[in-house]
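Chemist: Before anything else, here's the structure in question.
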Amino acid sequence: MTFINRFKNVAVLGAAGKMGSGILYLNTLYLSQLKLSPEYADETFVIYAIDQSHAQLDGLMGFIRKLLLKWAEKNTIWLRKAYENRSDLIENGEIIQAYINDAISIIKPTTRLESAYDATLVYEAVSEKIEVKTMLFSKINTNNSNNPWFFTNTSSIPINELNKKANLNGNIIGCHFYNPPAVQKLIEVIELDNGNKELTNLVYEFAKSLGKIIVPANDIAGFIGNGFFMRDLLFGLKKVKDLKPDFSFAESVLIIDTVTRDYMLRPMGIFQLMDYVGIDVCTFILNVMNTYLDEELHSKLLVKLLQLEVKGGQFSNGSQKPGFFTYEKGKIVSIYDYDKQEYVNITDIKSKVDEYLGGLPENQSWKALSRNRNKDKLIEEFFAKVKSSENNGCKLTAEYMAEMNKIGKQLVADGVTDSAENVNTVMKTGFHHIYGPVNNFFN
């Protein structure tokens, strides 16, 4: 079976979710463009968008239409060429609408898992639970006579475990899209040692056609992205505990979040990032990694926060749920104080935190630097000033960044990845850092 034949019948599990919807869009974009080429004009492509709720699937189709419209409006020249034989289409708006209708016609939304029994290629983006994933894989593989290949979007579960438990005979690969898949350039690919090499080739070809950046990771729980992020957040929690004798819980959280954002030139502080991902999701990933690794990767504090319904994550409209912080229009307005079990206004503690930190050595920010062509030189100069400063914020920054350097190098030493450059690429591309953690700033 050729690669193109593999794409003739695709199934996306969890299609209405945050990750699944993006994966569905990318496949729709890929196949709709193939369909418009003379070589494949007579071929039929189908994508089964599978999820549990008809209401969610209805909302999904509206979401896909919006993304296709954005793409089409930016690619009208290509579309005019593709539809040049359609004499009934004259205006750009008519061509764009024709393309959207043609692309949408490929998608078949359904709540029936049985639709995947005809698929030749299955994308999985359901909850990060090995029992759920392997149950779905096993059902499809047992009832599907097409020898299906499986892409799993897991961000933490070893691929070999999924392969063994679902008895997939090596026809599975880790294809971890970063959130949101429609925008994020990074795909972390995890292949089995004795897996299907044709499947690996297909992943690389598909990613290349979409302009994605692939970073290979070895099959060790957490892989590169979460392997780094989980240890990053655990170190942040440790520093909060270290500060507690002199500061309240809320003050300690704000100190470390400020350091990891403003002083370390990141887009978000570590606790804001945890809120964005979801404290519940972070806790679950830690539990997965803790199961498979000979390392204590656990946080009692996160478990207690979940028991108190402090979870983070996003509402369906994309706004941020309360977690370590509450937000208004994307800005932090209050901080959860675990000792008091209530939120305190940021204005009540910010002056004390700022006084303790002592201020940045120069007025610099992630946002400004990310757009600057000379950012590498400016970042090096900034951290040289941080290194020479004696204020508390700069000392914490030096300590934190030295630990991040250590974590990055340890991922290589542990065989999670083959190079420090892979670690740096994942953090720069997937997490939008403007420099890699393995650097010479603070050794």
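Chemist: Considering only region 367-376, I want to know if a residue exists there that is over 23 Å from residue 297 (Cβ atoms) and crowded, with 16+ Cβ neighbours inside 10 Å.
Modeler: Checking region 367-376: at least one residue is over 23 Å from residue 297 (Cβ atoms) and crowded, with 16+ Cβ neighbours inside 10 Å.
Chemist: Scanning for something touching a helix residue (DSSP H, G or I) at 6+ places or on another chain (Cβ under 6 Å) and closer than 23 Å to residue 154 by Cβ, does region 261-268 turn up at least one residue?
Modeler: Looking for residues that are touching a helix residue (DSSP H, G or I) at 6+ places or on another chain (Cβ under 6 Å) and closer than 23 Å to residue 154 by Cβ, one finds none in region 261-268, hence no.
Chemist: Follow-up question, since we're still on this one. Tally up the residues in region 96-114 that are surrounded by 20 or more Cβ atoms within 10 Å (Cβ to Cβ) and either part of a helix (DSSP H, G or I) or not assigned by TED's automatic domain parsing to the domain that holds residue 159 (or both), please.
Modeler: 3
Chemist: Taking the conditions exactly as written (closer than 17 Å to residue 50 by Cβ, assigned to a helix (DSSP H, G or I) and among the small types (Gly, Ala, Ser)), does residue 127 satisfy them or not?
Modeler: Spelling it out, it is not the case that residue 127 is closer than 17 Å to residue 50 by Cβ, assigned to a helix (DSSP H, G or I) and among the small types (Gly, Ala, Ser).
Chemist: Here is a list of conditions, (1) crowded, with 16+ Cβ neighbours inside 10 Å; (2) out of contact with any Pro (no Cβ under 9 Å at 6 or more places or on another chain); (3) closer than 18 Å to residue 235 by Cβ, and residue 425 meets all of them except one; can you say which number that is?
Modeler: Checking residue 425 against (1) crowded, with 16+ Cβ neighbours inside 10 Å; (2) out of contact with any Pro (no Cβ under 9 Å at 6 or more places or on another chain); (3) closer than 18 Å to residue 235 by Cβ, the one that fails is (3).
Chemist: Looking at 29, 69, 36, which one is within 22 Å of the chain's Cα centre (by Cα), farther than 15 Å from residue 5 by Cα and among the hydrophobic types (A, V, I, L, M, F, W, C)?
Modeler: 29
Chemist: Take the residues in region 223-258 that are acidic (Asp, Glu) and under 21 Å from the mean Cα position of the chain (by Cα), then tell me which one is surrounded by the most Cβ atoms within 10 Å (Cβ to Cβ).
Modeler: Per the criteria, the residue is 257.
Chemist: Moving on. Yes or no: region 399-407 includes at least one residue that is acidic (Asp, Glu) and in a helix (DSSP H, G or I).
Modeler: yes
Chemist: Would you check if residue 355 is at pLDDT below 95 and outside the structural domain of residue 188 (by TED's automatic domain parsing)?
Modeler: Considered against the rule, which asks whether it is at pLDDT below 95 and outside the structural domain of residue 188 (by TED's automatic domain parsing), residue 355 comes out as no.
Chemist: State all residues of region 143-180 that are closer than 25 Å to residue 314 by Cα and among the β-branched types (Val, Ile, Thr); if no residue qualifies, say none.
Modeler: 152, 154, 157 - these are the residues of region 143-180 that are closer than 25 Å to residue 314 by Cα and among the β-branched types (Val, Ile, Thr).
Chemist: Looking at (1) on the phi > 0 side of the Ramachandran plot; (2) surrounded by 16 or more Cβ atoms within 10 Å (Cβ to Cβ), can you tell me which one residue 311 breaks?
Modeler: In the conditions (1) on the phi > 0 side of the Ramachandran plot; (2) surrounded by 16 or more Cβ atoms within 10 Å (Cβ to Cβ), residue 311 misses (1) alone.
Chemist: Restricting to region 115-162, and then to whatever is small (Gly, Ala, Ser) and surrounded by 17 or more Cβ atoms within 10 Å (Cβ to Cβ), can you tell me which residue is nearest to the chain's Cα centre (by Cα)?
Modeler: The selected residue is 155.
Chemist: Somewhere in region 432-443, is a residue modelled with pLDDT under 95, surrounded by 19 or more Cβ atoms within 10 Å (Cβ to Cβ), outside any helix (DSSP H, G or I) and not polar (S, T, N, Q)?
Modeler: yes
Chemist: Scan region 82-95 for residues that are surrounded by 14 or more Cβ atoms within 10 Å (Cβ to Cβ) and of a type in the set (A, V, I, L, M) and jot them down.
Modeler: The answer is 82, 89, 95.
Chemist: Going by the conditions given, is residue 203 in contact (Cβ under 8 Å) with a residue 24 or more places away in the chain and either among the acidic types (Asp, Glu) or in contact with a Leu (Cβ under 7 Å, 6 or more places away or on another chain) (or both)?
Modeler: No; evaluated as a whole, the condition is false for this residue.
Chemist: Which of the residues spanning region 53-81 are of a type in the set (Phe, Trp, Tyr), under 15 Å from residue 182 (Cα atoms) and surrounded by fewer than 18 Cβ atoms within 10 Å (Cβ to Cβ)?
Modeler: 63
Chemist: Let me ask another. Does at least one position in region 179-189 carry a residue that is surrounded by fewer than 21 Cβ atoms within 10 Å (Cβ to Cβ), under 15 Å from the mean Cα position of the chain (by Cα) and of a type in the set (Lys, Arg)?
Modeler: Among the residues of region 179-189, at least one is surrounded by fewer than 21 Cβ atoms within 10 Å (Cβ to Cβ), under 15 Å from the mean Cα position of the chain (by Cα) and of a type in the set (Lys, Arg), which makes the answer yes.
Chemist: Moving to a separate point now. Could you figure out which of (1) within 22 Å of residue 394 (Cβ to Cβ); (2) exposed (fewer than 12 other Cβ atoms within 10 Å of the Cβ) isn't true of residue 340?
Modeler: Against the list (1) within 22 Å of residue 394 (Cβ to Cβ); (2) exposed (fewer than 12 other Cβ atoms within 10 Å of the Cβ), residue 340 comes up short only on (1).
The values are calculated or read from the model by the stated rules, or taken from the named source; none is laboratory data. Everything numeric here is computed off the predicted structure, so don't read it as measured data. Note that we place each Cβ from the backbone using ideal geometry, even for glycine, and neighbour counts take in every protein chain shown.
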